[in-house]
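**Student:** Below is one structure. I have some questions about it.
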Amino acid sequence: MVAKVDGVHRLSELRAALALIAEDCAPESRLQPRAFADPAFGIHFARLVLLAEPSDAPHGSSVVFESNFDTDLADAAQARTEHLRLLCSKISAPLWSVFRYCRGFADASDAEALARALEQQLVASTACYQGHTERDLDRIRLEQHLREVLMRYFERAPRAPPRELYFAAREYVRLRSATDPGLRGLNIDRPAPPLPAAAIRSERLRAGLVVWFQNISLQLLFYVLSQLRNLWRWAQNDAEYEPLARQEAWTTEDRAHFLEVAASEDHGLHNALTHVVSLKHPNRLTALLAAHGYIDRMAKNQFDDIGQLGGIPTIHFAKWLLIDDQTRLLFFSNYDSSWESYLGDFVDRAAIGLNLAWTWTDSYPKTVFFNWGGANDEERFKAWSRAHQRPTQVFYAAYPDLGIAALNNNTWIRCGLHHPPCAMALRAWFRRLT
(Lines give C-alpha, C1' and ligand atoms only; values in the text may rest on other atoms or scores of the structure.)
Protein backbone atom coordinates (compact mmCIF):
# COMPACT_ATOMS: atom_id res chain seq x y z
CA MET A 1 0.00 0.00 0.00
CA VAL A 2 1.09 3.54 -0.83
CA ALA A 3 0.14 6.64 1.21
CA LYS A 4 1.04 10.24 0.43
CA VAL A 5 2.94 12.20 3.08
CA ASP A 6 1.10 15.30 4.24
CA GLY A 7 3.78 17.93 3.51
CA VAL A 8 7.59 17.90 3.22
CA HIS A 9 8.00 19.57 6.61
CA ARG A 10 7.06 16.28 8.30
CA LEU A 11 9.75 14.14 6.67
CA SER A 12 12.28 14.44 9.50
CA GLU A 13 9.74 13.25 12.09
CA LEU A 14 8.68 10.44 9.79
CA ARG A 15 12.28 9.31 9.32
CA ALA A 16 12.71 9.20 13.10
CA ALA A 17 9.61 6.99 13.45
CA LEU A 18 10.90 4.63 10.75
CA ALA A 19 14.30 4.46 12.47
CA LEU A 20 12.68 3.21 15.68
CA ILE A 21 10.82 0.45 13.83
CA ALA A 22 13.98 -0.46 11.88
CA GLU A 23 15.87 -0.91 15.16
CA ASP A 24 13.14 -3.24 16.37
CA CYS A 25 13.12 -5.25 13.11
CA ALA A 26 16.87 -5.83 12.99
CA PRO A 27 17.80 -9.53 13.46
CA GLU A 28 19.96 -8.65 16.47
CA SER A 29 17.15 -6.70 18.15
CA ARG A 30 16.77 -7.42 21.84
CA LEU A 31 13.19 -6.23 21.87
CA GLN A 32 10.69 -9.07 22.19
CA PRO A 33 8.58 -9.60 20.33
CA ARG A 34 9.80 -7.81 17.19
CA ALA A 35 7.08 -5.75 15.52
CA PHE A 36 6.25 -8.10 12.65
CA ALA A 37 7.33 -11.36 14.32
CA ASP A 38 4.02 -12.34 15.93
CA PRO A 39 3.30 -15.89 14.63
CA ALA A 40 -0.35 -14.91 14.12
CA PHE A 41 0.71 -12.55 11.30
CA GLY A 42 2.41 -15.27 9.25
CA ILE A 43 4.76 -12.65 7.79
CA HIS A 44 7.75 -13.86 5.80
CA PHE A 45 9.02 -10.38 4.85
CA ALA A 46 7.82 -6.86 5.50
CA ARG A 47 9.10 -3.40 4.64
CA LEU A 48 8.30 0.23 5.25
CA VAL A 49 9.84 2.66 2.78
CA LEU A 50 9.82 6.44 2.59
CA LEU A 51 9.90 7.61 -1.02
CA ALA A 52 11.10 11.13 -0.25
CA GLU A 53 10.72 13.68 -3.04
CA PRO A 54 11.88 17.29 -3.42
CA SER A 55 9.31 19.99 -2.68
CA ASP A 56 9.08 20.86 -6.40
CA ALA A 57 8.53 17.25 -7.57
CA PRO A 58 5.35 16.61 -9.59
CA HIS A 59 4.35 13.93 -7.09
CA GLY A 60 4.78 14.27 -3.34
CA SER A 61 6.59 11.97 -0.96
CA SER A 62 5.02 8.60 -0.09
CA VAL A 63 5.19 5.91 2.54
CA VAL A 64 5.02 2.37 1.19
CA PHE A 65 4.21 -0.72 3.22
CA GLU A 66 4.65 -4.25 1.89
CA SER A 67 3.97 -7.54 3.65
CA ASN A 68 4.46 -11.07 2.28
CA PHE A 69 2.26 -13.22 4.50
CA ASP A 70 0.55 -16.60 4.84
CA THR A 71 -3.19 -16.94 4.41
CA ASP A 72 -5.83 -19.65 4.15
CA LEU A 73 -8.19 -17.38 2.23
CA ALA A 74 -8.62 -18.00 -1.49
CA ASP A 75 -9.70 -14.44 -2.27
CA ALA A 76 -6.61 -12.19 -2.41
CA ALA A 77 -8.49 -8.97 -1.64
CA GLN A 78 -10.18 -10.50 1.41
CA ALA A 79 -6.82 -11.90 2.58
CA ARG A 80 -5.21 -8.46 2.43
CA THR A 81 -8.11 -6.90 4.31
CA GLU A 82 -7.99 -9.49 7.08
CA HIS A 83 -4.21 -9.20 7.30
CA LEU A 84 -4.38 -5.43 7.76
CA ARG A 85 -7.06 -5.78 10.43
CA LEU A 86 -4.95 -8.30 12.32
CA LEU A 87 -1.85 -6.10 12.11
CA CYS A 88 -3.72 -3.05 13.34
CA SER A 89 -5.31 -4.99 16.19
CA LYS A 90 -1.87 -5.99 17.52
CA ILE A 91 0.70 -3.40 16.41
CA SER A 92 -1.34 -0.28 15.72
CA ALA A 93 1.09 1.89 17.74
CA PRO A 94 4.17 1.47 15.49
CA LEU A 95 2.04 1.64 12.33
CA TRP A 96 0.28 4.77 13.54
CA SER A 97 3.63 6.33 14.43
CA VAL A 98 4.43 6.33 10.70
CA PHE A 99 1.10 6.77 8.94
CA ARG A 100 -0.04 9.63 11.16
CA TYR A 101 2.07 11.81 8.84
CA CYS A 102 0.11 10.73 5.75
CA ARG A 103 -3.03 12.05 4.10
CA GLY A 104 -6.23 10.25 4.99
CA PHE A 105 -4.99 9.13 8.41
CA ALA A 106 -5.87 12.16 10.55
CA ASP A 107 -8.75 10.32 12.23
CA ALA A 108 -7.19 6.84 12.13
CA SER A 109 -5.57 6.63 15.55
CA ASP A 110 -7.63 3.61 16.71
CA ALA A 111 -7.00 0.14 15.29
CA GLU A 112 -10.21 -0.22 13.30
CA ALA A 113 -9.95 3.20 11.64
CA LEU A 114 -6.26 2.63 10.88
CA ALA A 115 -7.04 -0.67 9.14
CA ARG A 116 -9.72 1.01 7.01
CA ALA A 117 -7.37 3.85 6.07
CA LEU A 118 -4.61 1.43 5.11
CA GLU A 119 -7.00 -0.65 3.02
CA GLN A 120 -8.00 2.45 1.04
CA GLN A 121 -4.35 2.92 0.03
CA LEU A 122 -3.84 -0.61 -1.36
CA VAL A 123 -2.28 -0.78 -4.84
CA ALA A 124 -2.49 -3.92 -6.98
CA SER A 125 0.71 -5.30 -8.51
CA THR A 126 1.22 -5.51 -12.27
CA ALA A 127 3.41 -8.61 -11.88
CA CYS A 128 4.76 -10.65 -8.97
CA TYR A 129 6.86 -13.73 -8.20
CA GLN A 130 7.30 -15.99 -5.17
CA GLY A 131 10.34 -18.22 -4.81
CA HIS A 132 8.90 -20.77 -2.35
CA THR A 133 5.23 -21.40 -3.03
CA GLU A 134 2.96 -23.55 -0.87
CA ARG A 135 5.10 -23.30 2.27
CA ASP A 136 3.99 -21.33 5.26
CA LEU A 137 6.28 -20.22 8.08
CA ASP A 138 5.60 -23.30 10.19
CA ARG A 139 6.54 -25.63 7.34
CA ILE A 140 9.69 -23.67 6.46
CA ARG A 141 10.87 -23.81 10.06
CA LEU A 142 9.97 -27.49 10.44
CA GLU A 143 11.94 -28.44 7.32
CA GLN A 144 14.94 -26.38 8.40
CA HIS A 145 14.91 -28.04 11.84
CA LEU A 146 14.56 -31.46 10.20
CA ARG A 147 17.74 -30.89 8.21
CA GLU A 148 19.58 -29.84 11.38
CA VAL A 149 18.35 -32.99 13.17
CA LEU A 150 19.58 -35.17 10.28
CA MET A 151 22.96 -33.44 10.15
CA ARG A 152 23.53 -33.97 13.87
CA TYR A 153 22.51 -37.62 13.51
CA PHE A 154 24.91 -38.28 10.63
CA GLU A 155 27.77 -36.58 12.50
CA ARG A 156 27.75 -39.32 15.11
CA ALA A 157 26.25 -42.25 13.15
CA PRO A 158 28.53 -45.29 12.61
CA ARG A 159 29.78 -45.94 9.07
CA ALA A 160 27.36 -48.00 7.00
CA PRO A 161 26.23 -48.44 3.37
CA PRO A 162 24.10 -45.49 2.14
CA ARG A 163 20.78 -47.35 2.10
CA GLU A 164 21.30 -48.78 5.58
CA LEU A 165 22.31 -45.35 6.84
CA TYR A 166 19.25 -43.77 5.22
CA PHE A 167 16.79 -46.17 6.89
CA ALA A 168 18.50 -45.78 10.26
CA ALA A 169 18.15 -41.99 9.96
CA ARG A 170 14.54 -42.37 8.88
CA GLU A 171 13.76 -44.44 11.95
CA TYR A 172 15.54 -41.91 14.15
CA VAL A 173 13.41 -39.09 12.74
CA ARG A 174 10.22 -41.14 13.16
CA LEU A 175 10.95 -41.63 16.87
CA ARG A 176 12.18 -38.10 17.51
CA SER A 177 9.18 -36.47 15.84
CA ALA A 178 7.03 -37.77 18.69
CA THR A 179 8.90 -35.68 21.27
CA ASP A 180 10.66 -32.82 19.44
CA PRO A 181 8.48 -29.66 19.31
CA GLY A 182 10.41 -28.50 16.26
CA LEU A 183 9.14 -31.56 14.35
CA ARG A 184 5.54 -31.23 15.49
CA GLY A 185 3.19 -32.34 12.71
CA LEU A 186 5.81 -34.36 10.81
CA ASN A 187 4.71 -37.90 9.94
CA ILE A 188 7.07 -39.49 7.43
CA ASP A 189 4.88 -42.61 7.17
CA ARG A 190 2.23 -40.54 5.40
CA PRO A 191 2.62 -39.06 1.91
CA ALA A 192 4.67 -35.90 1.63
CA PRO A 193 2.78 -32.63 1.18
CA PRO A 194 1.54 -32.56 -2.43
CA LEU A 195 2.91 -29.10 -3.15
CA PRO A 196 5.35 -28.07 -4.35
CA ALA A 197 5.40 -31.14 -6.60
CA ALA A 198 8.82 -32.53 -7.51
CA ALA A 199 7.49 -33.93 -10.80
CA ILE A 200 6.12 -30.55 -11.87
CA ARG A 201 9.37 -28.84 -10.91
CA SER A 202 11.39 -31.32 -12.99
CA GLU A 203 9.05 -30.78 -15.93
CA ARG A 204 9.38 -27.00 -15.68
CA LEU A 205 13.17 -27.21 -15.47
CA ARG A 206 13.25 -29.19 -18.74
CA ALA A 207 10.84 -26.85 -20.54
CA GLY A 208 13.51 -24.69 -22.19
CA LEU A 209 12.55 -21.79 -24.45
CA VAL A 210 9.27 -23.33 -25.59
CA VAL A 211 7.54 -22.23 -22.39
CA TRP A 212 8.16 -18.59 -23.33
CA PHE A 213 6.11 -19.09 -26.49
CA GLN A 214 3.40 -21.11 -24.74
CA ASN A 215 2.76 -18.36 -22.19
CA ILE A 216 3.06 -15.30 -24.37
CA SER A 217 0.21 -12.89 -23.75
CA LEU A 218 -2.06 -12.35 -26.74
CA GLN A 219 -2.38 -8.75 -25.62
CA LEU A 220 1.38 -8.33 -25.81
CA LEU A 221 1.62 -10.20 -29.13
CA PHE A 222 -1.10 -8.10 -30.78
CA TYR A 223 0.37 -4.93 -29.35
CA VAL A 224 3.87 -5.68 -30.65
CA LEU A 225 2.58 -6.60 -34.11
CA SER A 226 0.46 -3.46 -34.33
CA GLN A 227 3.22 -1.21 -33.02
CA LEU A 228 6.29 -2.52 -34.85
CA ARG A 229 6.87 0.82 -36.50
CA ASN A 230 6.57 2.71 -33.21
CA LEU A 231 8.77 0.22 -31.39
CA TRP A 232 11.50 0.75 -33.96
CA ARG A 233 11.06 4.51 -33.88
CA TRP A 234 11.22 4.61 -30.09
CA ALA A 235 14.39 2.51 -30.11
CA GLN A 236 15.99 4.99 -32.51
CA ASN A 237 14.79 8.23 -30.92
CA ASP A 238 14.86 7.56 -27.16
CA ALA A 239 17.86 9.13 -25.46
CA GLU A 240 20.55 6.71 -24.33
CA TYR A 241 21.39 6.55 -20.63
CA GLU A 242 24.89 7.91 -20.06
CA PRO A 243 26.31 6.82 -16.67
CA LEU A 244 29.40 9.01 -16.86
CA ALA A 245 27.45 12.17 -17.63
CA ARG A 246 25.02 11.32 -14.83
CA GLN A 247 27.81 10.88 -12.29
CA GLU A 248 29.63 14.03 -13.37
CA ALA A 249 26.42 15.97 -12.69
CA TRP A 250 26.02 14.58 -9.17
CA THR A 251 25.15 17.08 -6.49
CA THR A 252 25.83 16.86 -2.77
CA GLU A 253 22.28 15.56 -2.36
CA ASP A 254 22.90 12.85 -4.99
CA ARG A 255 25.98 11.63 -3.12
CA ALA A 256 24.13 11.60 0.18
CA HIS A 257 21.31 9.59 -1.42
CA PHE A 258 23.79 7.07 -2.85
CA LEU A 259 25.37 6.58 0.58
CA GLU A 260 21.95 6.17 2.21
CA VAL A 261 21.01 3.45 -0.28
CA ALA A 262 24.31 1.64 0.20
CA ALA A 263 23.97 1.84 3.99
CA SER A 264 20.64 -0.05 3.83
CA GLU A 265 22.22 -3.09 2.13
CA ASP A 266 24.42 -6.08 2.92
CA HIS A 267 23.68 -6.36 6.64
CA GLY A 268 23.06 -10.11 6.32
CA LEU A 269 22.17 -12.90 3.93
CA HIS A 270 18.87 -11.27 2.92
CA ASN A 271 18.63 -7.88 1.29
CA ALA A 272 15.75 -5.71 0.14
CA LEU A 273 15.73 -3.68 -3.06
CA THR A 274 13.34 -0.78 -3.61
CA HIS A 275 13.39 0.85 -7.04
CA VAL A 276 11.16 3.56 -8.50
CA VAL A 277 11.26 5.15 -11.97
CA SER A 278 8.92 7.23 -14.12
CA LEU A 279 7.45 6.00 -17.39
CA LYS A 280 8.99 7.51 -20.51
CA HIS A 281 5.65 8.70 -21.85
CA PRO A 282 1.96 8.02 -21.11
CA ASN A 283 1.60 6.28 -24.47
CA ARG A 284 3.95 3.52 -23.25
CA LEU A 285 1.58 2.48 -20.45
CA THR A 286 -0.35 -0.01 -22.59
CA ALA A 287 2.88 -1.67 -23.66
CA LEU A 288 4.15 -1.86 -20.09
CA LEU A 289 0.93 -3.42 -18.80
CA ALA A 290 0.98 -6.02 -21.57
CA ALA A 291 4.62 -6.89 -20.86
CA HIS A 292 3.99 -7.17 -17.14
CA GLY A 293 0.98 -9.38 -17.79
CA TYR A 294 3.33 -11.68 -19.67
CA ILE A 295 5.90 -11.66 -16.84
CA ASP A 296 3.17 -12.40 -14.28
CA ARG A 297 1.88 -15.32 -16.35
CA MET A 298 5.39 -16.73 -16.73
CA ALA A 299 5.90 -16.43 -12.98
CA LYS A 300 2.72 -18.30 -12.13
CA ASN A 301 3.00 -20.96 -14.85
CA GLN A 302 6.75 -21.54 -14.76
CA PHE A 303 9.01 -19.72 -12.32
CA ASP A 304 7.00 -20.12 -9.09
CA ASP A 305 7.06 -23.91 -9.50
CA ILE A 306 10.83 -24.16 -9.85
CA GLY A 307 11.81 -21.50 -7.33
CA GLN A 308 13.79 -19.50 -9.90
CA LEU A 309 12.85 -16.23 -11.56
CA GLY A 310 14.27 -16.40 -15.08
CA GLY A 311 16.81 -18.97 -13.89
CA ILE A 312 17.86 -16.95 -10.81
CA PRO A 313 17.62 -19.06 -7.61
CA THR A 314 18.29 -16.28 -5.06
CA ILE A 315 15.02 -14.30 -5.14
CA HIS A 316 12.41 -14.78 -2.42
CA PHE A 317 9.81 -12.30 -3.66
CA ALA A 318 9.59 -9.78 -6.50
CA LYS A 319 6.76 -7.36 -7.23
CA TRP A 320 6.06 -4.50 -9.67
CA LEU A 321 3.29 -1.92 -9.24
CA LEU A 322 2.31 1.43 -10.74
CA ILE A 323 1.97 4.46 -8.47
CA ASP A 324 1.25 8.19 -8.78
CA ASP A 325 -1.64 7.84 -11.23
CA GLN A 326 0.26 5.17 -13.17
CA THR A 327 3.13 7.51 -14.03
CA ARG A 328 5.85 5.69 -12.03
CA LEU A 329 6.85 2.05 -11.68
CA LEU A 330 7.75 0.76 -8.22
CA PHE A 331 9.69 -2.50 -7.84
CA PHE A 332 10.30 -4.54 -4.67
CA SER A 333 12.57 -7.54 -4.33
CA ASN A 334 13.94 -9.61 -1.46
CA TYR A 335 17.09 -11.50 -2.45
CA ASP A 336 20.08 -13.40 -1.08
CA SER A 337 23.69 -12.25 -1.21
CA SER A 338 24.99 -8.88 -2.43
CA TRP A 339 23.48 -6.25 -4.72
CA GLU A 340 26.34 -6.76 -7.18
CA SER A 341 25.79 -10.53 -7.51
CA TYR A 342 22.01 -10.10 -7.63
CA LEU A 343 22.14 -7.63 -10.53
CA GLY A 344 24.84 -9.73 -12.19
CA ASP A 345 22.59 -12.80 -12.10
CA PHE A 346 19.76 -10.78 -13.60
CA VAL A 347 21.95 -9.58 -16.47
CA ASP A 348 23.46 -13.01 -17.16
CA ARG A 349 20.25 -15.04 -17.00
CA ALA A 350 17.21 -12.81 -17.46
CA ALA A 351 18.14 -9.84 -19.63
CA ILE A 352 15.08 -10.21 -21.88
CA GLY A 353 12.80 -10.30 -18.83
CA LEU A 354 14.42 -7.13 -17.49
CA ASN A 355 13.92 -5.41 -20.82
CA LEU A 356 10.26 -6.43 -20.86
CA ALA A 357 9.78 -5.08 -17.35
CA TRP A 358 11.51 -1.70 -17.71
CA THR A 359 12.15 -0.78 -21.35
CA TRP A 360 9.30 1.77 -21.28
CA THR A 361 10.60 3.57 -18.21
CA ASP A 362 12.62 6.77 -18.01
CA SER A 363 16.25 6.63 -19.23
CA TYR A 364 16.29 2.80 -19.36
CA PRO A 365 19.21 1.70 -21.59
CA LYS A 366 18.00 1.55 -25.19
CA THR A 367 16.57 -1.73 -26.46
CA VAL A 368 15.71 -3.07 -29.92
CA PHE A 369 12.67 -5.36 -29.76
CA PHE A 370 13.55 -6.30 -26.15
CA ASN A 371 16.33 -8.68 -27.20
CA TRP A 372 19.23 -6.34 -27.94
CA GLY A 373 20.66 -3.67 -25.71
CA GLY A 374 19.03 -2.77 -22.42
CA ALA A 375 20.13 -5.10 -19.62
CA ASN A 376 22.60 -6.82 -21.96
CA ASP A 377 24.75 -3.71 -21.48
CA GLU A 378 25.68 -4.70 -17.91
CA GLU A 379 27.62 -1.61 -16.87
CA ARG A 380 24.97 0.80 -18.18
CA PHE A 381 22.10 -1.26 -16.72
CA LYS A 382 23.66 -1.45 -13.25
CA ALA A 383 24.33 2.30 -13.25
CA TRP A 384 20.72 2.96 -14.30
CA SER A 385 19.41 0.60 -11.59
CA ARG A 386 21.46 2.29 -8.91
CA ALA A 387 20.38 5.76 -10.02
CA HIS A 388 16.70 4.91 -9.44
CA GLN A 389 17.10 2.81 -6.31
CA ARG A 390 15.73 4.02 -2.97
CA PRO A 391 16.83 3.14 0.56
CA THR A 392 14.71 0.56 2.34
CA GLN A 393 14.43 2.06 5.81
CA VAL A 394 12.61 -0.85 7.46
CA PHE A 395 13.08 -4.47 6.40
CA TYR A 396 11.93 -7.51 8.38
CA ALA A 397 12.82 -11.12 7.50
CA ALA A 398 11.31 -14.02 9.44
CA TYR A 399 14.24 -16.36 8.67
CA PRO A 400 17.25 -14.06 8.09
CA ASP A 401 19.81 -16.89 7.97
CA LEU A 402 17.95 -19.11 5.48
CA GLY A 403 18.54 -18.51 1.77
CA ILE A 404 16.02 -19.40 -0.92
CA ALA A 405 18.17 -22.22 -2.34
CA ALA A 406 18.61 -23.78 1.11
CA LEU A 407 14.91 -23.34 1.87
CA ASN A 408 13.92 -25.20 -1.30
CA ASN A 409 16.61 -27.81 -0.68
CA ASN A 410 15.13 -28.49 2.78
CA THR A 411 11.79 -29.27 1.14
CA TRP A 412 13.29 -31.95 -1.10
CA ILE A 413 15.20 -33.45 1.85
CA ARG A 414 11.92 -33.73 3.73
CA CYS A 415 10.11 -35.25 0.72
CA GLY A 416 12.90 -37.83 0.37
CA LEU A 417 12.16 -39.09 3.88
CA HIS A 418 8.49 -39.68 3.06
CA HIS A 419 9.29 -41.82 0.00
CA PRO A 420 12.40 -44.05 0.24
CA PRO A 421 14.30 -43.27 -2.98
CA CYS A 422 15.93 -45.56 -5.53
CA ALA A 423 19.71 -45.93 -5.60
CA MET A 424 20.32 -42.95 -7.90
CA ALA A 425 17.85 -40.73 -6.05
CA LEU A 426 19.36 -41.81 -2.74
CA ARG A 427 22.76 -40.47 -3.78
CA ALA A 428 21.10 -37.18 -4.77
CA TRP A 429 19.28 -37.05 -1.42
CA PHE A 430 22.56 -37.39 0.50
CA ARG A 431 24.13 -34.65 -1.63
CA ARG A 432 21.35 -32.31 -0.53
CA LEU A 433 22.51 -32.70 3.06
CA THR A 434 26.02 -31.48 2.32
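**Student:** From the list Asp72, Asp6, which residue is without any contact (Cβ under 8 Å) to a residue 24 or more places away in the chain, among the charged types (D, E, K, R) and either under 24 Å from Glu119 (Cβ atoms) or assigned by TED's automatic domain parsing to the domain that holds Leu114 (or both)?
**Tutor:** After ruling out the rest, the residue left standing is Asp72.
**Student:** Looking only at residues in segment 288-297 that are under 16 Å from the mean Cα position of the chain (by Cα) and buried (at least 22 other Cβ atoms within 10 Å of the Cβ), which one is farthest from Phe213 (Cα to Cα)?
**Tutor:** Checking each candidate, the answer is His292.
**Student:** Among Leu330, Leu285, Leu322, Leu269, which is the only one that is in contact with a strand residue (DSSP E or B) (Cβ under 8 Å, 6 or more places away or on another chain) and buried (at least 21 other Cβ atoms within 10 Å of the Cβ)?
**Tutor:** Exactly one of Leu330, Leu285, Leu322, Leu269 is in contact with a strand residue (DSSP E or B) (Cβ under 8 Å, 6 or more places away or on another chain) and buried (at least 21 other Cβ atoms within 10 Å of the Cβ), namely Leu330.
**Student:** Note down all Cβ pairs under 6 Å where the first residue falls in segment 198-214 and is closer than 19 Å to Gly131 by Cβ, the second is modelled with pLDDT of 85 or more and of a type outside the set (A, V, I, L, M, F, W, C), and they're at least six residues apart or on different chains.
**Tutor:** Hits for this filter: Ile200/Asp305; Arg201/Asp305; Arg204/Gln302; Arg204/Asp305; Val211/Gln302.
**Student:** Could you give me the residue pairs with C-beta distances under 7 Å whose first residue belongs to segment 335-351 and is farther than 14 Å from Gln308 by Cα, whose second residue is part of a strand (DSSP E or B) wherever it lies, and which are 6+ apart or on separate chains?
**Tutor:** Pairs found: Trp339/Asn271.
**Student:** Among (1) surrounded by fewer than 20 Cβ atoms within 10 Å (Cβ to Cβ); (2) more than 29 Å from Gln393 (Cβ to Cβ); (3) touching a Phe, Trp or Tyr at 6+ places or on another chain (Cβ under 9 Å); (4) not aliphatic (A, V, I, L, M), there is one condition Asn301 misses while meeting the rest; what is its number?
**Tutor:** (3)
**Student:** From the list Ala106, Ala16, Ala35, Ala77, pick out the single residue that is assigned to a loop (DSSP other than H, G, I, E, B), surrounded by fewer than 17 Cβ atoms within 10 Å (Cβ to Cβ), on the phi < 0 side of the Ramachandran plot and out of contact with any His (no Cβ under 9 Å at 6 or more places or on another chain).
**Tutor:** Exactly one of Ala106, Ala16, Ala35, Ala77 is assigned to a loop (DSSP other than H, G, I, E, B), surrounded by fewer than 17 Cβ atoms within 10 Å (Cβ to Cβ), on the phi < 0 side of the Ramachandran plot and out of contact with any His (no Cβ under 9 Å at 6 or more places or on another chain), namely Ala106.
**Student:** Out of all the residues in segment 133-146, which are surrounded by fewer than 19 Cβ atoms within 10 Å (Cβ to Cβ), on the phi < 0 side of the Ramachandran plot and not in a helix (DSSP H, G or I)?
**Tutor:** Matches in segment 133-146: Thr133, Asp136.
**Student:** While we're here: Does Gln120 meet the test of being farther than 14 Å from Arg414 by Cβ and either small (Gly, Ala, Ser) or in contact (Cβ under 8 Å) with a residue 12 or more places away in the chain (or both)?
**Tutor:** yes
**Student:** Does segment 221-247 hold any residues that are surrounded by fewer than 12 Cβ atoms within 10 Å (Cβ to Cβ), part of a helix (DSSP H, G or I) and among the aliphatic types (A, V, I, L, M), and which are they?
**Tutor:** Leu225, Leu228, Leu244, Ala245
**Student:** Right, here's the next one. Can you find even one residue in segment 84-95 that is farther than 29 Å from Phe332 by Cα, at pLDDT below 95 and either touching a Lys or Arg at 6+ places or on another chain (Cβ under 6 Å) or in the same structural domain as Phe36 (by TED's automatic domain parsing) (or both)?
**Tutor:** no
**Student:** Right, another one. Return the total of residues in segment 381-434 being outside any helix (DSSP H, G or I), β-branched (Val, Ile, Thr) and surrounded by 16 or more Cβ atoms within 10 Å (Cβ to Cβ). Talk me through it step by step, then tell me what you get.
**Tutor:** Narrowing segment 381-434 to residues outside any helix (DSSP H, G or I): 388-403, 419-422, 433-434.
Retained after the next criterion (residues that are β-branched (Val, Ile, Thr)): 392, 394, 434.
Retained after the next criterion (residues that are surrounded by 16 or more Cβ atoms within 10 Å (Cβ to Cβ)): 392, 394.
Qualifying residue count for the region: 2.
The values are calculated or read from the model by the stated rules, or taken from the named source; none is laboratory data. Model, not experiment: these values are computed from the prediction. Please note: Cβ atoms are built from the backbone with ideal geometry, for glycine as well, and neighbour counts cover all protein chains shown.
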